[in-house]
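No value in this document is a laboratory result; all are computed from the given coordinates. These figures come from a predicted structure and were not determined experimentally. When we count neighbours, we look across all protein chains shown, and the Cβ atoms used for this are built from the backbone with ideal geometry, even at glycine.
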Amino acid sequence: MASSDRVRFINDTLLYAFTGLLFVVACIVALVLNGTNGGGDSIGHYLLAHHAWKYPNLFFNHWGKPVFTMLSSPFAQFGFKGVKLFNVFVTFGAVLCTIALVKSYFSKYAVWVLPIYFCAPEGIGVIFSGLTEPLFALLFGLTLWLIHRQKNLLAILIASFLPLSRSEGLIILIVIGVYMLLNRKYSLLPFMLFGQLIITLLGYSVYHDPLWVFTKIPYAHQNALYGSGPFMHYLQSMPHVFGIVSTVLLYVGCCIYIIRSIRQLISSAWYEVLSDVRFIIYGSFIAFTLAHSVFYALGTFNDIGLTRVFIAVFPAMVFISVESVCYIHSFTKKFTVVRNLLAYLTFIAFCAMIYFCYVGSLYSIPYARVFMQDHSQQLINSHVVPYLKKHYNNYTYYFSDNNIAMYASYDKYKKGEYSSEISALKPGLNIGENEIIIWDNWFSVIEEHITRDEMVHKSNLKVDTTFTATSHKGNLIEFIVLKRNDNALR
């Protein structure tokens, strides 16, 4: 074995060994700690996956994302920790795809994939959740790798399932479609509908609509349910998602790629730009960012400004950041003084990534929120659920917070997908003798638009008890248990 091959073998062995070590640590964290991260969405995805075997129609709940529900449901049978373990598996699958892609372009810099990927504050948190971004990242990373290996048909077949893993998959499919169109791979374009067709046929018996994968998209309306925000919100928030150092590398990489591409197009070297998988990598990130920025600024498509959505395109973001490192190294090597300090500067960059993410900064991981139950969950688990079990064990519950269903082991789908929601009782909010309502001052207000006054001043309802706590931000957390007011019915 040549000296260079021996060095490469040692580097690869260390890289994959450390990746394996991180995987083991992540599995332990997922199984030992009781955090759920991701709020109601995280719990909602888990509940759909957990109950889908009992109610198969839940596999095709468009909000839950059919591909995620199908693949995670075996893990969800073991509880929420099972779903967290699933997300650990798919996250490391995405990491391996990213490493393989980076190695094929700049092998000696592949080691940068790990600190960039695992020093992303919000990226770490989403691993230990029931959210859909990690699975999307795996499918996206695998698609990029296969296109790079010129296995375009298989890549497109996998990519065709992206919109049913997260709705942003439609954005990625458009970029991939443009790439295939510009490279005259016309025969591959129809296969972009493969995933949509398969899921459509499987779910037809539920909706009886041949276009349900499009018509049932929960975000396909222009109502500003959550308001709007500044156009630059996502770009300004990127350090919270990706880390300070990695964000700088990401933006530098994008700027250099755009400038280089413009120069190549001007010099008639357009084929070099359009035939490289970088077109999809950079194009996907830019299109993803631009789309979410526009949606949030216009207050459309239910864009609430959640920055965690970018974990879905982490393979592209990590690739761009690593290529930025290559640009910087190539540039600085021209200067003798800087070249001699390059190893020290690289070490400082690694340390800065770790410090800003894990030790202490404005952008470090919020450990309590990520790895532990939040104050609302603690209140539910320690006070609300025990009270319900003691006084209303065989009652039917109506509630807005999915944590009630999870911690009370309550089957919220036994009467239908949305029958357990308080809004299912509108307009009269009438309940039976063996039924109760558990109103909360967050999900009931934000998601179901039911105010406290609307509940407590309802003549046919009677406040049974109230539970309160204070969040880590000092905000009031309140749950009100209401039962039927028999006196008002006489």
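Modelled label-to-label distance, Asn394 and Thr336, 7 Å Cα→beta-carbon offset: nm?
9.0
If you take the C-alpha gyration tensor of the range 235-330, multiply each eigenvalue by 5 and take the square root, what semi-axes do you get, largest first, in whole Å?
Three semi-axes, in Å: 25, 17, 10.
Highest first, please rank the peptides 285-291, 330-336 by the mean number of other Cβ atoms sitting within 10 Å of their residues.
Values: 285-291: 18.3, 330-336: 10.3.
Averaged packing, sorted descending, gives the order 285-291, 330-336.
Scan around Leu461 for amide H atoms under 5 Å from its own, H built in the peptide plane at 1.01 Å from N, and keep only partners 5 or more places away or cross-chain.
Asn485
Using square roots of five times the C-alpha gyration tensor eigenvalues, list the equivalent-ellipsoid semi-axes of the range 385-490 in whole Å, biggest first.
Each semi-axis is √(5λ); the values are 20, 17, 14 Å.
Rounding to the nearest 10 and keeping the result within 0 to 90°, find how far the Cα-based axis of helix 278-298 lies from the longest principal axis of the chain.
40
Measure nothing but the geometry: give the 0 to 90° angle between the long axis through the Cα atoms of 314-332 and the longest principal axis through the Cα atoms of the chain, rounded to 10°.
On a 0 to 90 degree scale, this one is about 30.
Of His472, Leu379, Val90, which is farthest towards the positive pole of the chain's charge dipole, taken about the Cα centre with +1 and -1 on the beta-carbons of Lys, Arg and Asp, Glu respectively?
Of the listed residues, the answer is Val90.
Once you charge only the Cβ atoms, +1 for Lys and Arg and -1 for Asp and Glu, what is the size of the charge dipole of the range 375-489 about its Cα centre, to the nearest 20 debye? Don't skip to the end; give the middle numbers.
Values: 12 positive and 14 negative charges, 48 e Å.
Charge dipole of the range 375-489: 220 debye, to the nearest 20.
For the range 3-370, what percent of Cα pairs sit more than 32 Å apart?
The answer is 32 percent, as a whole percent.
Using the Karplus equation 6.51 cos²θ - 1.76 cosθ + 1.60 (θ = phi - 60°), what ³J(HN,Hα) coupling, rounded to whole Hz, does each residue of the range 158-168 give in order, writing x for Gly and Pro?
After applying 6.51 cos²θ - 1.76 cosθ + 1.60, I find 5, 4, 5, 8, 4, x, 9, 9, 7, 5, 5 Hz.
Taking the Cα centre of the range 3-370 as the origin, how large is its charge dipole in debye, to the nearest 20, when only Lys and Arg (+1) and Asp and Glu (-1) carry charge on their Cβ atoms? Display every interim value, and only then the final one.
On the way: 22 positive and 11 negative charges, 137 e Å.
Roughly 660 debye, rounded to the nearest 20.
7 Å from Cα along Cα→Cβ at both Glu435 and Ile348: what's the point-to-point distance in nm?
Rounded to a tenth, the inter-label distance reads 6.6 nm.
Just going by the charge dipole of the chain, with Lys and Arg at +1 and Asp and Glu at -1 on Cβ, which of Tyr413, Asn11, Val456 is farthest out on the positive end?
Of the options given, the answer is Asn11.
Classify the range 86-198 as rounded, prolate or oblate, taking a ≥ b ≥ c as the square roots of the eigenvalues of its Cα gyration tensor: rounded when a/c is under 1.5, otherwise prolate if a/b is larger than b/c and oblate if not.
Cα axes put the range 86-198 in the oblate bin.
Report, in degrees rounded to the nearest 10, the 0 to 90 angle that the Cα long axis of helix 133-148 makes with the longest principal axis of the chain.
Helix 133-148 sits at roughly 30 degrees to that axis.
In the chain, if the dipole is taken from +1 on Lys/Arg beta carbons and -1 on Asp/Glu beta carbons about the Cα centre, which of His391, Leu164, His329 is farthest to the positive end?
About the Cα centre, the residue reaching furthest to the positive side is His329.
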